[in-house]
Amino acid sequence: MIHALQTLLLLIFPALVIAAAVRDLTSFTIPNTLPLALIVAFPVAALALGLPLSAIGLGFAVGAAALVVGMGMFAARWIGGGDAKLFAAAALWLGLPGLMTYLLITGVAGGVLAVSLLALRSTPVRAVMPAGPAWFARLAQPGENVPYGVAIAVGALAAFPATALLAHL
């Protein structure tokens, strides 16, 4: 029973990160409830998995630092406010062990996403693109925002196996 509960708690992270990516992709918004749920669920999952308080505190420190960095990126208009909050909430779960992988993969995924959107939004591609759902048409609009929550989710999911939470199992 304990292992089933621990597994369910660990599934919260990928489920919420994927939900945020899908929401950002389809609406260019990440509701505050998703990063907030990640923040609230982290100490519950960490304590249930027996993570030491020092590791939990370190996770909160990494999350706070990521929030400052995310706020800076938001102020520079590189990402949206929801992206900054998701970036920090994911960093909280990943802590120091997963941080470098998270940053590297998120940056690479963001670059791939940007280049892909530039190609999608080019006149030759849009001319032959079949009609699709409204969110896809908006995604293909030149000058539209970039749903960076998708890149954040890719980086977070790639780094999740290296976290202290999974190492502590």
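What the table below lists for this structure:
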read-out: Residues (in contact with a Leu (Cβ under 8 Å, 6 or more places away or on another chain) and either closer than 17 Å to L58 by Cβ or in a helix (DSSP H, G or I) (or both)) located in segment 155-169; value: G155, A156, A159, F160, A162, T163, A164, L165, L166, H168
read-out: Out of G57, G72, G95, sole residue that is under 18 Å from the mean Cα position of the chain (by Cα), without any contact (Cβ under 8 Å) to a residue 60 or more places away in the chain and either in a helix (DSSP H, G or I) or at negative phi (or both); value: G72
read-out: Residue count for segment 25-38, restricted to those that are more than 13 Å from F87 (Cα to Cα) and assigned to a helix (DSSP H, G or I); value: 5
read-out: Inter-residue pairs, beta-carbon under 9 Å, first assigned to a loop (DSSP other than H, G, I, E, B) and in segment 128-154, second among the basic types (K, R) and at pLDDT below 85, 6+ apart; value: A140/R126; Q141/R126; P142/R126; E144/R138
read-out: When residues of segment 75-91 are limited to those that are among the aliphatic types (A, V, I, L, M) and assigned to a helix (DSSP H, G or I), the one farthest from L16 (Cα to Cα); value: A75
read-out: Single condition G111 does not satisfy, out of (1) within 16 Å of the chain's Cα centre (by Cα); (2) assigned to a loop (DSSP other than H, G, I, E, B); (3) farther than 21 Å from P35 by Cα; value: (2)
read-out: Scope segment 1-52; condition farther than 20 Å from L94 by Cα, surrounded by 12 or more Cβ atoms within 10 Å (Cβ to Cβ) and of a type in the set (G, A, S); matching residues; value: S27
read-out: Evaluation of G72 against (1) closer than 22 Å to N32 by Cα; (2) surrounded by 15 or more Cβ atoms within 10 Å (Cβ to Cβ); (3) of a type in the set (G, A, S) (one fails), failing number; value: (2)
read-out: Residue within segment 1-12 that is assigned to a helix (DSSP H, G or I) and in contact with a Phe, Trp or Tyr (Cβ under 8 Å, 6 or more places away or on another chain) present; value: no
read-out: Unique match (being modelled with pLDDT under 95 and either over 30 Å from L11 (Cα atoms) or surrounded by 15 or more Cβ atoms within 10 Å (Cβ to Cβ) (or both)) among L118, L86, L166; value: L118
read-out: Test: residue in segment 126-147 that is modelled with pLDDT of 95 or more and surrounded by fewer than 23 Cβ atoms within 10 Å (Cβ to Cβ); value: no
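The values are calculated or read from the model by the stated rules, or taken from the named source; none is laboratory data. Everything numeric here is computed off the predicted structure, so don't read it as measured data. Backbone-built Cβ (ideal geometry, glycine too); neighbour counts: all protein chains shown.
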